[in-house]
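Just below is one structure, and these are the notes that go with it.
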Amino acid sequence: MRQLFRLFLRLGLTAFGGPAAHIAMMQREVVDRRKWMDHQHFLDLIGATNLIPGPNSTEMAIHIGQERGGWRGLLIAGVCFICPAVVITGIIAWLYQQYGRLPEAAAFIFGIKPAIIPVILAAAMPLAHRALKGVLLWAVALLALAAGLLGVNEIYVMFGAGLVVLLWVALRQRGGELRGFFPLLPAVVVANSRIFFSFLKIGAILYGSGYVLFAFLDSELVAKGLLPRKVLIDAIAVGQFTPGPVFSSVTFIGWQMGGWQSAAVATLAIFLPSFVFVAISHPLVPRMRRSKMFSAFLDGVIVASVAIILTVCIDFGRATITDWRAVVIAVASGIVVFGFPKVNSAFVILGGSVLGYILGLLR
């Protein structure tokens with residue numbers, strides 16, 4: 001329990017860059033350094049998180065916690081990963097409410113994304129090596145990569161890849177059994193029910209990245225006149241320059257809607273489904289792997305997940321490596337990540353941030 005507490009509290013404080021970067025850092029810590037599980041099981045958990053709604057990196061933290069320490073580990077890992085971002089976002093939300101603007105942090109943020117790209121690639125390489133187990137999976141992975149680069153919604157890519165592999169295996173062999181699961185979320189009554197159930201609904205049905213979250217919030221809150229669009233745009237910015245899950249942006253939004261009480265209710269509601277879904281689905285992962293048909297489906301989802309991670313790297317590169325400073329940061333980070341693999345990813349990201357600030361002074 002102490003190991004889970006220390007690891008995920010540190011990741012919650014240092015995991016910048018979105019779900020792909022978070023999962024890359026977890027893979028290095030949990031698989032490569034601590035040997036808590038092998039690469040194949042880690043891949044299976046990635047596939048499982050993509051089959052249920054909610055924030056993928058948060059659900060990976062919860063899966064790892066449950067694998068390591070049962071229901072107590074589930075709670076410790078999830079809460080420790082979420083809380084630092086929520087606390088930081090809450091402080092920013094209070095400052096925003098007091099002064100009407102976000103604090104300046106652009107100089108330090110500049111170097112984070114170029115530094116993250118090698119971290120993600122270093123984690124994706126061993127995962128891809130184990131996921132790509134045949135010609136079919138290579139072909140599905142390349143198609144998934146192409147679809148991702150063309151902007152196809154990632155949930156369609158993952159489920160489509162899973163179905164392609166499942167149908168191929170079904171055509172090649174008779175028999176096998178397809179077992180599904182349908183998580184159910186019990187009704188919860190809270191005092192601030194309107195905010196609670198609005199965010200609970202989003203957390204229970206949202207697939208995809210944090211950017212999809214903002215599209216949901218726009219239609220659920222802005223379109224209904226519950227939140228100014230400027231506040232939503234500022235919430236997106238907060239989600240980018242704070243560590244941990246992007247979903248912590250709802251803490252900022254809840255605070256603007258009704259102070260700290262609404263922030264607490266919104267945060268609880270958006271993350272609660274993830275704990276429930278992981279608790280229900282985690283015991284099914286080994287059964288999915290033992291079932292020939294579901295194992296085929298899971299293999300397809302996994303290779304699509306790896307392709308999406310690569311897509312994220314390419315998108316990061318397009319968006320961030322736009323001048324010589326970003327090139328220097330990316331190359332320096334790559335040298336550290338691949339040349340000194342025992343260096344903690346958090347130091348790579350911190351170094352990228354500091355180097356971004358220093359190079360920014362040379363403009």
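The values are calculated or read from the model by the stated rules, or taken from the named source; none is laboratory data. Note that this is a predicted model, so its numbers are computed, not measured. No Cβ is skipped: glycine too gets one built from the backbone with ideal geometry, and neighbour counts run over all protein chains shown. The accessibility values were calculated without ligands, DNA or RNA, using every heavy atom of the protein model including side chains. Shrake-Rupley method; radii C 1.70, N 1.55, O 1.52, S 1.80 Å.
Give the relative contact order (percent, whole number) for region 1-100; include only Cα pairs under 8 Å separated by 6+ residues.
Averaging sequence separation for qualifying contacts and normalising by length gives 34 percent for region 1-100.
Using only Cα atoms, figure out Rg for region 1-112 and give it as a multiple of 2.2 N^0.38 Å.
For region 1-112, the normalised Cα radius of gyration comes out at 1.17.
List the lysines whose alpha-carbon lies under 25 Å from that of Lys133, not counting same-chain residues fewer than 8 positions away?
Straight-distance partners of Lys133: Lys35, Lys292.
Would you mind counting up the charge near Lys342? Only other residues with Cβ under 15 Å from its Cβ, with Lys and Arg at +1 and Asp and Glu at -1.
+2
Tell me the relative contact order for the chain as a rounded percent, counting alpha carbon contacts under 8 Å between residues six or more apart.
33 percent
Express in Å², to the nearest 10, the accessible area of Trp324 obtained by rolling a 1.4 Å probe over the protein heavy atoms while all chains stay in place.
Surface accessible to solvent at Trp324 totals approximately 140 Å².
Tell me the mean residue ellipticity at 222 nm calculated for the chain from its helices only (DSSP H runs of n ≥ 4, each -39500 (n - 2.57), averaged over every residue, nearest 500).
It comes out at -25000 deg cm²/dmol, rounded to the nearest 500.
From the residues Pro228, Met37, Phe277, which one has its Cα farthest along the dipole of the chain in the positive direction, the dipole being from +1 and -1 charges on Cβ of Lys/Arg and Asp/Glu about the Cα centre?
Ranked along the dipole, the leading option is Met37.
Among the lysines, select those whose C-alpha is under 16 Å from the C-alpha of Lys224, and discard any that sit fewer than 8 residues away in the same chain.
Those lysines meeting the cut-off are Lys201.
Not counting ligands, DNA or RNA, and with a 1.4 Å probe, what is Arg325's accessible surface area in Å² rounded to the nearest 10?
Roll a 1.4 Å probe over it and Arg325 shows about 20 Å².
Find the all-direction average of the projected area of the Cα convex hull for the chain, expressing the result in square nanometres with one decimal place.
Computing the convex hull of the Cα atoms and averaging its projections yields 18.3 nm².
Could you pull the accessible area for Arg130 with a 1.4 Å probe, rounded to 10 Å²?
Taking all protein chains as shown, Arg130 has close to 90 Å².
Which order do Met125, Met37 take by accessible area at a 1.4 Å probe, largest first?
The ranking, largest first, comes out as Met125, Met37.
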